[in-house]
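Readers should treat all values here as calculations from the given coordinates under stated rules, not as data from a laboratory. Please read all numbers here as calculations on a predicted model, not as lab measurements. Quick reminder, even Gly has a Cβ in these numbers, built from the backbone with ideal geometry, and neighbours come from all protein chains shown.
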Amino acid sequence: MQESGKKKWIVCVVVTLVGLVLAGAAFVFFQRFFAIENQFPMWKEVTEIKENELVKLTLLEVSIPLDPNDEHGQGVAVAIENSSGRDTGYGKDYAVEFFYKDNWYMVYEPPGYPFMDIPLEAGKKDSVGYWVPKETFAEEGLYRIRVSNLGYCSFHVAFDESEAASWEAA
């Protein structure tokens, strides 16, 4: 009879240990699978960039589909104002970054474009739109679009109960 109780105790300990190991493995799997960096097309820490102080970027619009199942991408439109005394240019080299735990992370950068310099004369303004895939604004929070050689402009993205997104310039 005592040996039967001892076997039950051993089985109970083994089952408990197996349960703890499985629970730990599930916890690690879900932590990795649902980690914030897995919610975006890419995740790469970026260093601060130097802005061109004579060229101003202003956010015009963030186009986010209301339907989260919409297959179309999103876009970010900016105005570019060259208040310098000389002509400059900008190109198609841009990225979207997300602010998380006191750091900026690149969450989208399009595939390499050949260098294209779109001229912008001194004292002139222009506007340009940049396409981003629908997964880019995966989380609520502070984003910015960075245009190479010019700088960036920031904006907040939020979702309501129906998961429709809205944005506001930062």
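List the residues whose amide H sits under 5 Å from the amide H of Glu135, counting only those 5 or more places along or on another chain, with H placed 1.01 Å from N in the peptide plane.
Those lying under 5 Å, H to H, from Glu135: there are none.
Take the range 44-169, drop everything but the C-alpha atoms, weight them equally and run the Debye formula without solvent; then report log10 I(q)/I(0) at 0.14, 0.16, 0.19, 0.21 Å⁻¹ to two decimals.
Taking Cα atoms of the range 44-169 as identical point scatterers yields -0.62, -0.79, -1.07, -1.26.
Ranking request for peptides 98-104, 3-9: highest mean number of other beta-carbon atoms within 10 Å first, then the rest in descending order. Mind dumping the intermediate values first?
Working: 98-104: 14.6, 3-9: 9.1.
Answer by packing, highest mean first, reads 98-104, 3-9.
Would you grab the residues whose amide H sits under 5 Å from the one on Trp104? Only those 5+ places off in sequence or on another chain, please, with H modelled 1.01 Å from N.
Here the answer is Val46, since their amide H atoms fall under 5 Å of that of Trp104.
Mind listing the phi-derived Karplus ³J(HN,Hα) values for the range 36-51, rounded to whole Hz, using 6.51, -1.76 and 1.60 with θ = phi - 60°, and x for any glycine or proline?
4, 5, 8, 8, 10, x, 8, 8, 9, 5, 10, 8, 4, 10, 8, 7
For the peptides 137-147, 82-92, what is the packing order when you average, over each peptide's residues, the other Cβ atoms within 10 Å and list the highest mean first?
Values: 137-147: 18.7, 82-92: 15.2.
By packing density, highest mean first, the sequence is 137-147, 82-92.
Taking the alpha-carbon distance from Lys101 and a cut-off under 17 Å, which lysines remain once sequence neighbours fewer than 8 residues away in the same chain are dropped?
Lys44
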